[in-house]
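The values are calculated or read from the model by the stated rules, or taken from the named source; none is laboratory data. All values reported here derive from a predicted model rather than from experimental measurement. A quick note on method: Cβ atoms are made from the backbone with ideal geometry, for glycine too, and the neighbour counts reach across all protein chains shown.
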Amino acid sequence: MVFFSQRFRVGWLILLALVIPPAGAFAAKAAEGRLLDRVVARVNNEIITENDLLVTAFGDTRQAETLLPGTSPNVRAVLNSLIDERLMAQAAREEIKEIPEEVIANRVEGLIKDRRSLFRTDQAFLADLDERGWDLESYKGYLHEQEERDYAVQAALARRARAKMTEQDMKSYGEELQRKGESLVHYRLRQILVAWPAKPSETDVKKAEQRMLGILEQVRQGVPFEQLARERSDDKAARATNGDLGWITEKDLQRPILEAVRSLENGQVSQPVRTAKGLHLFQLIRKRGPQELLFEKRLGEARKAWVAELRRRAQIRILLPELAQ
């Protein structure tokens, strides 16, 4: 059970927390036995609870004794980010009146599926949730709440970013990238690597080719690429991310790899690519050109300006002295 401190602040705070449900109303099952979920901060008329902060910082509610500056992750920095997100969500709800339930439900199911894919059985998946203080329904509810917030915030940010983009802006940005010698296209890739030694023998190569043929057959049969990357790839670092290599510029890709992925559509899988490390198979997650790169840049600028504006007008109180600035 989550550590429960008796250091309540003042009587009105206790009453407030009892009357107003936390924003993370679907916070973990581990908190069920607690009389009160401590209030960490108040953002306008909304509270951030200890459970909200724990789940954001650590992914579960078992780390209450680490809510101190200097821990890893930096809990104070996480709290500041959480305050920014709440401010934007509050404002976004005033702007974005319709949030498509089907989209949110599909996102939640996708997140559940991704999480479930890390385990061999449903029982192991549910046991992990229980260990982290969740049951399946409370976990889905929490994700649903988060996805609704994120949808509204991203929609509101996109409006601000697009308002500052013209056709001439996009053309000029591409020309600017070219003048600077920077990449015009970025790729988000998943990889499966079948490795061979630094100086492979003919036998090493043949074994790698046979393994790759087996993997290709599984891809054709519909086995998820991320599952194969996790279970069969020799790239240990990428295995931990289901093969996701993150964003890579076209200038950072070896020529054979670039030629294999540049014509792919989202979700498509390349032909095997041979390098000094072995045989690689790539799946394109997403590709960004100058227009998307400029939009991402404007999104960041819009977010920074919006948060600064909202903080100037907001009433924010940090209620735990150990986390106060």
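Rundown of residues vs (1) in contact (Cβ under 8 Å) with a residue 60 or more places away in the chain; (2) touching a helix residue (DSSP H, G or I) at 6+ places or on another chain (Cβ under 6 Å), yes/no style:
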site	(1), (2)
R62	yes, no
P69	yes, yes
A77	no, no
E98	no, no
V108	no, yes
L111	no, yes
D114	yes, no
R120	no, no
W134	yes, yes
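Could you run through region 162-214 and say how many residues are part of a helix (DSSP H, G or I) and not β-branched (V, I, T)? First the steps, then the outcome.
Just the residues of region 162-214 that are part of a helix (DSSP H, G or I), to begin with: 162-163, 167-179, 202-214.
Next cut, not β-branched (V, I, T) only: 162-163, 167-179, 202, 204, 206-214.
The total comes to 26.
With the requirement that a residue be part of a helix (DSSP H, G or I), exposed (fewer than 15 other Cβ atoms within 10 Å of the Cβ) and modelled with pLDDT of 95 or more, what does region 286-325 give you?
K304, A305, A308, E309, R311, R312, R313
Anything in region 229-285 that is exposed (fewer than 14 other Cβ atoms within 10 Å of the Cβ), without any contact (Cβ under 8 Å) to a residue 40 or more places away in the chain and either within 15 Å of R188 (Cβ to Cβ) or in contact with a Cys (Cβ under 8 Å, 6 or more places away or on another chain) (or both)? List them, or say none.
Those that are exposed (fewer than 14 other Cβ atoms within 10 Å of the Cβ), without any contact (Cβ under 8 Å) to a residue 40 or more places away in the chain and either within 15 Å of R188 (Cβ to Cβ) or in contact with a Cys (Cβ under 8 Å, 6 or more places away or on another chain) (or both): E265, N266, G267, Q268.
Conditions: (1) without any contact (Cβ under 8 Å) to a residue 12 or more places away in the chain; (2) closer than 30 Å to A92 by Cβ; (3) charged (D, E, K, R). K180 meets all but one. Number of the miss?
The single condition K180 does not satisfy is (2).
Please go through region 146-193 and give me each residue that is β-branched (V, I, T), more than 28 Å from I83 (Cβ to Cβ) and surrounded by 14 or more Cβ atoms within 10 Å (Cβ to Cβ), ordered by number. Outline the logic, then answer.
Filtering region 146-193 down to residues β-branched (V, I, T) leaves 153, 166, 185, 192.
Add one more test, that the residue is more than 28 Å from I83 (Cβ to Cβ), and what stays is 166, 185, 192.
V185, I192 - these are the residues of region 146-193 that are β-branched (V, I, T), more than 28 Å from I83 (Cβ to Cβ) and surrounded by 14 or more Cβ atoms within 10 Å (Cβ to Cβ).
Which of the following residues is modelled with pLDDT under 50 and outside any strand (DSSP E or B): A77, A30, A57? Break it down into steps so the answer makes sense when it comes.
Numbers: A77 fails: modelled with pLDDT under 50; A57 fails: modelled with pLDDT under 50.
Criteria check complete, one pass: A30.
Does T61 meet the test of being in contact with a strand residue (DSSP E or B) (Cβ under 8 Å, 6 or more places away or on another chain) and within 19 Å of R132 (Cα to Cα)?
Values: in contact with a strand residue (DSSP E or B) (Cβ under 8 Å, 6 or more places away or on another chain): no; within 19 Å of R132 (Cα to Cα): yes.
Against the criterion (in contact with a strand residue (DSSP E or B) (Cβ under 8 Å, 6 or more places away or on another chain) and within 19 Å of R132 (Cα to Cα)), T61 does not qualify.
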